[in-house]
Amino acid sequence: MDNSRYSGFTLIELLIAIAVLAILLSLGLPSFQASLRSNRVTSVSNELLTSFSLARSEAIRSTRGAGICASGDGATCGLDWNAGWLVWRDDNGNGVLDVGETVVRHTQGNSALGLTSSAGAVAFDPRGRSRALAAQNFGVKPAGQATPFRCVTINLTGHARIVKDACP
């Protein structure tokens, strides 16, 4: 019988190929996980910035004001920004979400991230300016990390921006 017609991998070649693949994966996986964490932080920072811009534009459009606050249920304001947030139109112009006011958008939180804030809510007047007395900061970081990777800041004129550093 002629064995020259049979071709393929030997068991030794297959085991060596699997060992090389395992080594390459073990070297690349930590870097990939760090990249995933960074992308999540960037994504949530951008979503938060978009929500602030939406609230500000709603405030100008409605001529009464608007705001954004922490909310887990999408109907009432809370204190935990990690649960999510909502944007509302301030129909009575008092800067607080009251019963019957229009919720424009609700965004679910991300449990893999930590969102820290110096503000309970951010309200905008009809000119699009912040109703706060000082700039408001929102730190976004992966869960379990001590310092934020991104800081979303709303200044007194109502403009929001992202800084790639810890909040002041």
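Taken together, the values in this text are just the output of simple stated rules run on the coordinates, not laboratory data. Owing to the predicted nature of the structure, the values given are computational and were not obtained by experimental measurement. FYI the Cβ positions are ideal-geometry reconstructions off the backbone, even for glycines, and counts take in every protein chain you see.
Would the stretch 101-168 count as rounded, prolate or oblate if I go by the C-alpha gyration tensor, calling it rounded below 1.5 in a/c and otherwise prolate when a/b exceeds b/c, oblate otherwise? Cα axes put the stretch 101-168 in the oblate bin.
Across the alpha-carbon set of the stretch 53-95, the Rg to Rh ratio works out to 1.01, Rh being the Kirkwood radius. Computed from the C-beta positions of residue 9 and residue 164, the FRET efficiency with R₀ = 35 Å rounds to 0.15. The charge dipole of the stretch 50-168, taken about the Cα centre with unit charges on the Cβ atoms of Lys, Arg (+1) and Asp, Glu (-1), comes to about 480 debye, rounded to the nearest 20. Peptide packing for 126-134, 12-20, 99-107, 79-87 was compared via the average number of neighbouring C-beta atoms within 10 Å per residue; ordered from the highest value, the list is 79-87, 126-134, 99-107, 12-20. Counting helices only, and only those DSSP H runs with n ≥ 4, report the 222 nm mean residue ellipticity of the chain as the sum of -39,500 (n - 2.57) divided by its residues, in deg cm²/dmol to the nearest 500. Helix contribution divided over all residues of the chain: -11500 deg cm²/dmol.
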